[in-house]
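The structure under discussion appears below in the form of structure tokens.
The values are calculated or read from the model by the stated rules, or taken from the named source; none is laboratory data. As the structure is a computational prediction, the values presented were derived from the model and not from experiment. All Cβ positions, glycine included, derive from the backbone under ideal geometry; neighbour counts span all protein chains shown. For accessibility, only protein heavy atoms count, side chains too; no ligands or nucleic acids. Shrake-Rupley method; radii C 1.70, N 1.55, O 1.52, S 1.80 Å.
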Amino acid sequence: MEIVPVPAFTDNYIWLVHDEASRETAVVDPGDAAPALAEAERHGWTVTQIWNTHWHPDHTGGNLELKQATGAPISGPAQGRIPGRDVDLSEGSEVRIGDHVGRVIEVPGHTLDHIALIFDEEKVAFVGDTLFAMGCGRLFEGTPQQMFRSLQRLTELPAKTRLFCAHEYTLANARFAAHAEPDNPTVHRRLSDVERRRSRGEITLPTTVAEERATNPFVRASDAHEFARLRAEKDSFR
Ligand SMILES: [Zn+2]
């Protein structure tokens, strides 16, 4: 399973997932169709599936155009307002690409419909706007309790699991993490590394469960109460 980032808008990543054996290609969270189609074409791939993690337009805005261009069916959260959805996903549902099977878990908090797609065998998870490298999504619809639980579920996955997030927010998140955990040397080391990579225009994703357990203050919060305090502080942190 090959996974390729497609930068979109200012700081979004659309992910292309390609299975060579079946020649299938899935697009995760196409906020914009054109860059996803162009990148697929560059690889000689044909888009055969569209997967959404939640309803926000920067994740679903390209759904209809992509479906029209390729005929690919759209799978997304059953509870969400997903343009053109063909397949309803909820806790325990599966997505398949070739022989690879992803299971769906519900991770409410950023939105109430938010899901993550987890490929256990490949140790890969598409986490949308729930978890970001060293950070997490804003709470637009859910409660701190819901989001805290969702982050815990994602970071209970095996340590080597690669987490594919939908935004390049790592530098701002790393600065907040260094502020939140001034005595954590691992956070400071990662901040330096992220600064170096971003100064060269490099992507900082995917991250891993192990890295997030070590450096993400929202994951490391001891309970939902501490999580809520951190999230509120981050909302106004500059
Ligand atoms: Zn979102």
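Taking 7 Å along the Cα-to-C-beta vector as the label spot, tell me the Glu122-Gln145 distance in nanometres, rounded to one decimal. Using points 7 Å along Cα→Cβ, the separation is 3.6 nm. For Arg23 and Arg103, a Förster radius of 25 Å and the Cβ-Cβ distance give a FRET efficiency of 0.60, rounded to the nearest 0.05.
Between Thr186 and Glu226, how high is the FRET efficiency from 1/(1 + (r/R0)^6) when r is the Cβ-Cβ distance and R₀ = 25 Å? Nearest 0.05.
Details: r = 19 Å, r/R0 = 0.75.
The pair Thr186/Glu226 has a calculated efficiency of 0.85.
Whole-Hz Karplus values for the stretch 88-97 come out as 7, 10, 8, 3, x, 5, 10, 10, 9, 9 Hz, taken residue by residue from phi with 6.51 cos²θ - 1.76 cosθ + 1.60 and θ = phi - 60°; glycine and proline positions read x.
Report the calculated FRET efficiency for Arg196 and Phe9 (r = Cβ-Cβ distance, R0 = 30 Å), to the nearest 0.05. After rounding to 0.05, the efficiency reads 0.80. Protection proxy ranking for 94-100, 199-205, using the average of other Cβ atoms within 10 Å per residue and placing the highest first: 94-100, 199-205.
Hull volume per residue, based on the alpha-carbon atoms of the chain and their convex hull, is 113 Å³.
Only Lys, Arg, Asp and Glu count, each charged at its Cβ (+1, +1, -1, -1), so figure out the dipole size of the stretch 169-209 about its Cα centre, rounded to 20 debye. It would help to have the intermediate numbers written out before the result.
Details: 7 positive and 5 negative charges, 38 e Å.
The dipole magnitude comes to about 180 debye.
Backbone geometry of the stretch 42-56 corresponds, through the Karplus equation with coefficients 6.51, -1.76 and 1.60 at θ = phi - 60°, to 3J(HN,Hα) couplings of 4, 8, x, 9, 10, 5, 10, 8, 10, 10, 10, 8, 6, 7, 3 Hz, x marking Gly and Pro. Using equal-weight Cα scatterers in the Debye expression, the normalised intensity of the stretch 37-177 in log10 at q = 0.09, 0.17, 0.19, 0.21 Å⁻¹ is -0.27, -0.98, -1.20, -1.39.
Across the stretch 17-29, computed HN-Hα scalar couplings (Karplus, 6.51 cos²θ - 1.76 cosθ + 1.60, θ = phi - 60°) run 10, 10, 10, 5, 4, 9, 6, 7, 9, 9, 10, 9, 6 Hz from first to last residue, x flagging Gly and Pro. Note on the chain: with charges restricted to the Cβ of Lys and Arg (+1) and Asp and Glu (-1), its dipole about the Cα centre is near 680 debye. Averaged over residues, the count of other Cβ atoms within 10 Å places the peptides 156-164, 107-115 in the sequence 107-115, 156-164, highest first. Taking only protein heavy atoms and a 1.4 Å probe, the accessible area of the chain is 49% carbon and sulfur. Straight-line cross-link reach from Lys67 at under 30 Å between alpha-carbon atoms covers these lysines, not counting any fewer than eight positions away in the same chain: Lys123.
For Thr207, the amide hydrogen comes within under 5 Å of the amide hydrogens of Leu163, Cys165, counting only partners 5 or more places away or on other chains and with H modelled in the peptide plane. Put simply, the amide H of Gly128, placed in the peptide plane, has neighbours under 5 Å in Ala166, leaving out anything fewer than 5 places away on its chain.
Evaluate the relative contact order of the stretch 69-171 (contact order divided by residue number), counting alpha-carbon pairs under 8 angstrom at least 6 apart; express in whole percent.
Numbers: 186 pairs, mean separation 22.2, N = 103.
Answer for the stretch 69-171 is 22 percent.
Applying 0.36 nm per residue to the separation of His179 and Asp235 and subtracting their alpha-carbon distance, the gain on full extension is 18.8 nm.
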